[in-house]
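Novice: Sending over a structure as structure tokens; questions will come in a sec.
The values are calculated or read from the model by the stated rules, or taken from the named source; none is laboratory data. None of the values given here were measured: they were computed from a predicted structure. Note: ideal-geometry Cβ built from the backbone for every residue, glycine included; neighbour counts use all protein chains shown. Side chains included, ligands, DNA and RNA excluded: accessible areas come from the protein's heavy atoms. Shrake-Rupley method; radii C 1.70, N 1.55, O 1.52, S 1.80 Å.
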Amino acid sequence: MIKLIVSDVDGTLVQDGSPSVNPQVFDTILKLREKGIQFVIASGRPWASVEHAFEPVKKKIFYVANNGAYVGCCGRSLYVYSIEPEIVHRIIRKVRRYPDLEVVYAGANGDYIESPNEELFRWLTESYKFNLTRVDDLLELDEPCVKVSIYKPEGIEAATKDIYEEFKDELKVACAGDMWMDCMAKGVNKGKAIETIQDSLGIKPEETMAFGDQLNDIEMLGRAYYSFAVANAREEVRKAARFQADSNENDGVLKILRHLL
């Protein structure tokens with residue numbers, strides 16, 4: 001019997017860069033909750049963006065935000081995992097050497113950017129509803145950092161190869177689509193966050209269903225027997241999952257959830 005369902009958002013429930021979720025997903029989540037099935041949204045987005053996107057059901061779901069660095073529910077943080085400030089400062093200084101890369105500093109309560117890139121700022125605040133503040137110098141922030149996100153409009157994996165090699169042993173570094181490289185504290189990932197929720201609720205992996213498409217979803221899929229890669233997922237993710245759903249464009253996750261109902 002399925003007791004817990006977990007889904008990524010960008011690339012899985014919606015196309016990358018899409019700010020809106022099919023309203024039928026909300027109705028389905030509510031029907032699943034009526035049957036006693038818990039639902040988790042596990043995203044690289046900050047909690048404020050998740051809460052906005054899932055407004056109609058925000059009081060009925062758990063949030064795993066910032067790739068597992070934040071675990072909470074509506075209006076309440078349960079677990080927050082920050083990165084050592086010295087490592088945060090080093091990676092920011094490193095990224096500054098690359099003029100085609102941008103940095104978003106994620107705190108538990110908001111996000112920060114020092115770039116003058118107005119298009120990026122508008123996109124994150126208007127489309128994704130980030131609680132975003134522009135500052136003069138990210139290195140002067142006192143708020144603990146839970147995630148450093150490196151942005152490039154396309155080709156982020158190749159563009160950050162040197163950064164990955166330098167920090168891979170100190171941080172959890174993973175691609176979240178073709179535009180973002182996310183850096184969290186070592187040991188932090190969506191899978192670990194889902195394990196925490198499972199342990200808290202007394203739910204086994206055999207009672208869990210999960211959906212993903214990117215490298216930052218692989219650990220999460222490992223926490224669910226019923227692990228699904230959407231058809232548009234990376235090859236590594238399809239190999240890690242036991243089953244395949246239709247693509248995000250064709251509402252693959254929604255189809256499986258309806259079948260479950």
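Novice: Where does the charge balance sit around GLY75 when Lys and Arg score +1, Asp and Glu -1, over other residues with C-beta under 12 Å from its C-beta?
Specialist: Values: positive: LYS58, LYS59, ARG76; negative: GLU51.
Every neighbour counted, the sum reads +2.
Novice: For the pairs LYS58/LYS172; LYS94/LYS204; LYS152/LYS255; LYS35/LYS190; LYS58/LYS190; LYS31/LYS192, note any where the Cα-Cα span goes beyond 30 Å. Write down the numbers at each step before the final one.
Specialist: Details: LYS58/LYS172 28 Å; LYS94/LYS204 41 Å; LYS152/LYS255 32 Å; LYS35/LYS190 25 Å; LYS58/LYS190 19 Å; LYS31/LYS192 27 Å.
Distance filter (> 30 Å) returns LYS94/LYS204; LYS152/LYS255.
Novice: Could you check which residue among GLU55, GLU119, GLU84 shows the biggest mean-square fluctuation in a GNM of the chain with a 10 Å Cα cutoff?
Specialist: Maximum fluctuation in the GNM of the chain, among the listed residues, is at GLU119.
Novice: Taking the Cβ-Cβ separation of LYS204 and ASP246 as r and a Förster radius of 30 Å, what is the calculated FRET efficiency to the nearest 0.05? Write out the running numbers ahead of the final one.
Specialist: Values: r = 27 Å, r/R0 = 0.89.
Given R0 = 30 Å and the Cβ-Cβ separation, E is 0.65.
Novice: Follow-up question, since we're still on this one. Extending each Cα 7 Å along its Cβ direction at GLU154 and GLU119, get the distance between those two points in nm, one decimal.
Specialist: Computed distance between label sites GLU154 and GLU119 equals 1.2 nm.
Novice: Separate question: Using a simple spin-label model with points 7 Å from Cα along the Cα→Cβ vector, what separation in nm is obtained for HIS89 and ARG258?
Specialist: Placing both labels 7 Å beyond Cα along the Cβ direction yields 5.4 nm.
Novice: Mind checking which of ALA176, LEU139, PRO99 is farthest towards the positive end of segment 83-183's charge dipole, using Cβ charges of +1 (Lys, Arg) and -1 (Asp, Glu) about the Cα centre?
Specialist: Going by the Cα projections, it comes out as ALA176.
Novice: Calculate, in whole percent, how much of the Cα-Cα pair population of segment 83-183 lies beyond 24 Å. Numbers along the way, then the final one.
Specialist: Numbers: 716 of 5050 pairs.
Counting pairs separated by more than 24 Å, the tail of P(r) holds 14 percent.
Novice: From a point 7 Å beyond the Cα of GLU126 in the direction of its Cβ, which residues of segment 143-163 have a backbone N at a distance under 20 Å?
Specialist: The answer is 152-154.
Novice: Let me ask something additional. Summarise the accessible area of segment 83-183 (1.4 Å probe, protein heavy atoms) by the percent that is carbon and sulfur.
Specialist: Values: 2220 of 4950 Å².
Heavy-atom surface of segment 83-183 belonging to carbon and sulfur, 1.4 Å probe: 45 percent.
Novice: Restricting to DSSP H runs of at least four residues, report the calculated mean residue ellipticity at 222 nm for the chain, -39500 (n - 2.57) per run over all residues, nearest 500 deg cm²/dmol.
Specialist: Details: 10 runs with 77 residues, N = 261.
Taking each H run of at least 4 residues, the total per residue is -8000 deg cm²/dmol.
Novice: Can you give the accessible area per residue of segment 83-183, in Å², using a 1.4 Å probe?
Specialist: Values: 4950 Å² over 101 residues.
For segment 83-183, the solvent-accessible area averages 49 Å² per residue.
Novice: Sticking with this one: Give or take rounding to whole Å, what are the principal axis extents of the alpha carbon atoms in the chain, in descending order?
Specialist: 50, 36, 33
Novice: Right, next: Kindly work out what percent of the DSSP beta bridges joining two residues of the chain are antiparallel, to the nearest 5. Before the final figure, lay out each step's value.
Specialist: On the way: 25 of 47 bridges.
Bridges in the chain are about 55 percent antiparallel.
Novice: Any aspartates and glutamates with Cα under 12 Å of the LYS59 Cα? List them, leaving off those in the same chain fewer than 8 positions away.
Specialist: GLU51
Novice: LEU78 versus VAL135, label points 7 Å from Cα toward the beta carbon: distance in nm?
Specialist: Once both label points are built, they end up 2.9 nm from each other.
Novice: Can I ask one more? Only Lys, Arg, Asp and Glu count, each charged at its Cβ (+1, +1, -1, -1), so figure out the dipole size of segment 83-183 about its Cα centre, rounded to 20 debye.
Specialist: Values: 13 positive and 23 negative charges, 26 e Å.
Roughly 120 debye, rounded to the nearest 20.
Novice: Rounding to the nearest 10 and keeping the result within 0 to 90°, find how far the Cα-based axis of helix 190-201 lies from the longest principal axis of the chain.
Specialist: So the inclination is approximately 50 degrees.
Novice: Still on this structure, I have one more. Nearest 10 degrees is fine. How inclined is helix 85-95 to the longest principal axis of the chain, computing both from alpha carbons?
Specialist: Helix 85-95 and the main axis of the chain meet at about 80 degrees.
Novice: Something else: What is the calculated FRET efficiency for GLN24 to LYS168, with r their C-beta to C-beta distance and R₀ = 35 Å, to the nearest 0.05? The partial results should precede the final answer.
Specialist: Values: r = 40 Å, r/R0 = 1.13.
For GLN24 and LYS168, the calculated efficiency is 0.30.
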